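The values are calculated or read from the model by the stated rules, or taken from the named source; none is laboratory data. No experiment lies behind these values; they were computed from the predicted model shown. Positions of Cβ are backbone-derived with ideal geometry, glycine not excepted, and every protein chain shown enters the neighbour counts.
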Amino acid sequence: MSVIRKLFVGAICLTLLVGCKERLRFHDSAIERNAETLTIQRFDRDFFAMDSAQLVQKYADFYSIYVHQVMQLIPSRIEDFKTDSAFAVLRKQVDSVYVSADNVAQTLAIAFAYYKHYFPENQLPLVSFHVSGFNQSVITTPGRVSASIDNYLGEKYPMYPQIAYQYEIPFMTPRHLPIDMMLGWLTSEYPDTNGRLLESMIYHGKLMYLLQVCFPDEDMSELLAYTPNQYDWCMRYEANIWAMIVEKRELYSTDWRIITRYTQPAPFTNGLSQEDSPGRIGVFLGWRIVSAYMERNEKLTLQELMHETDAQKILQLSGYRP
């Protein structure tokens with residue numbers, strides 16, 4: 001076979017790999033059909049329409065967290081804040097995008113249906129929207145997950161280049177909102193544990209795998225918060241990235257700086273291409289290892305996956321060879 005033909009065939013294979021959605025064995029259309037209706041509470045509106053007693057009655061401790069921790073308001077300034085003109089403009093912009101919460105609710109309802117099906121002993125949270133003035137995107141409290149929807153107004157929102165990193169903006173959208181809410185809830189249900197880079201990679205890989213189960217129709221690039229080109233680059237150079245980490249003997253490092261470099265948001269991964277590589281490359285590799293582990297061990301349940309704390313065991317039984 002000529003070199004040109006080999007490259008052509010390879011390009012077709014890569015396109016098929018990236019472009020086609022491969023259903024996981026946990027996919028079940030009956031779960032989606034039977035998903036219960038989800039109601040999203042509009043704290044973003046109730047906060048301005050109710051008094052504090054009513055808000056405490058409806059939202060319990062979330063009201064206090066919002067006032068004191070998110071917005072850092074003192075009681076005597078709450079009413080002044082409610083009439084602040086700049087915040088009124090932001091609220092109007094938010095309302096123009098989120099006239100209704102139906103689309104987000106429908107997507108989250110399916111995600112929660114999958115979650116409840118495979119984790120029946122776990123409770124589902126109450127879900128709400130709030131406006132924080134571009135503070136933390138997702139907040140979880142016991143029994144609740146709430147999203148600051150002013151952080152999801154769409155990548156063309158004119159204020160975002162002034163308050164966010166460029167690599168974050170493509171995912172500050174209504175489409176990505178339910179993904180972040182689900183990830184926030186999963187993170188609160190299954191907290192990270194300190195360890196080596198391998199443990200952190202596997203931990204984040206598990207969360208990505210659960211997202212893939214809960215959002216069966218979503219592109220994996222979107223779940224990873226990668227652009228299609230970044231995802232394509234990771235798939236193309238997966239073996240090289242893995243070899244680099246192994247050769248540099250970083251896989252078993254406990255150095256928080258190394259762990260942060262590979263698992264935390266960034267415009268690119270230090271040591272790799274600044275133009276093409278995304279951040280959080282360790283999350284991508286963790287997802288690939290966990291995917292191989294679940295594919296090779298077909299009798300494993302999702303509960304068994306989440307309860308398995310031996311990252312080395314997962315790596316070995318995955319047979320991961322990129």
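Exactly one of these conditions fails for M181: (1) part of a helix (DSSP H, G or I); (2) without any contact (Cβ under 8 Å) to a residue 40 or more places away in the chain; (3) not acidic (D, E). Give me its number.
(2)
Anything in the stretch 283-314 that is assigned to a loop (DSSP other than H, G, I, E, B) and either in contact (Cβ under 8 Å) with a residue 24 or more places away in the chain or within 19 Å of Y118 (Cα to Cα) (or both)? List them, or say none.
Within the stretch 283-314, N297, E298, K299, L300, T301, E308, T309 meet the criteria.
Residues in the stretch 207-214: is at least one farther than 26 Å from T140 by Cα and either of a type in the set (S, T, N, Q) or free of Cβ contacts under 8 Å to residues at least 12 places away in the same chain (or both)?
no
Being more than 27 Å from F26 (Cβ to Cβ), surrounded by fewer than 13 Cβ atoms within 10 Å (Cβ to Cβ) and more than 18 Å from the chain's Cα centre (by Cα) narrows it down to one of V99, V94, V131, so name that one.
V99
Assess whether P170 counts as being modelled with pLDDT of 95 or more and not assigned by TED's automatic domain parsing to the domain that holds E275.
Here the answer is yes, as P170 does meet what is asked.
Please pick out the residue among A105, A88 that is at pLDDT below 95 and over 16 Å from L210 (Cα atoms).
After ruling out the rest, the residue left standing is A88.
Residues are listed down the side, and each one gets a yes or a no for (1) part of a helix (DSSP H, G or I); (2) within 14 Å of the chain's Cα centre (by Cα); (3) of a type outside the set (V, I, T):
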residue	(1), (2), (3)
R175	no, yes, yes
T187	yes, yes, no
E199	yes, no, yes
A239	yes, no, yes
M244	yes, no, yes
L251	no, no, yes
N270	no, no, yes
S273	no, no, yes
D276	no, no, yes
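Scanning the stretch 63-77 for residues that are part of a helix (DSSP H, G or I) and either touching a residue at least 60 places away in the same chain (Cβ under 8 Å) or more than 32 Å from the chain's Cα centre (by Cα) (or both), which turns out surrounded by the fewest Cβ atoms within 10 Å (Cβ to Cβ)?
To start, the set of residues in the stretch 63-77 that are part of a helix (DSSP H, G or I) comprises 63-70, 75-77.
Keeping just the survivors that are either touching a residue at least 60 places away in the same chain (Cβ under 8 Å) or more than 32 Å from the chain's Cα centre (by Cα) (or both) gives 65-66, 70, 75-77.
Values: I65: 17, Y66: 24, V70: 18, P75: 9, S76: 7, R77: 13.
Among residues in the stretch 63-77 that are part of a helix (DSSP H, G or I) and either touching a residue at least 60 places away in the same chain (Cβ under 8 Å) or more than 32 Å from the chain's Cα centre (by Cα) (or both), the one surrounded by the fewest Cβ atoms within 10 Å (Cβ to Cβ) is S76.
Among the numbered conditions (1) more than 27 Å from V89 (Cα to Cα); (2) in contact with a strand residue (DSSP E or B) (Cβ under 9 Å, 6 or more places away or on another chain); (3) among the small types (G, A, S), tell me where S128 comes up short.
(1)
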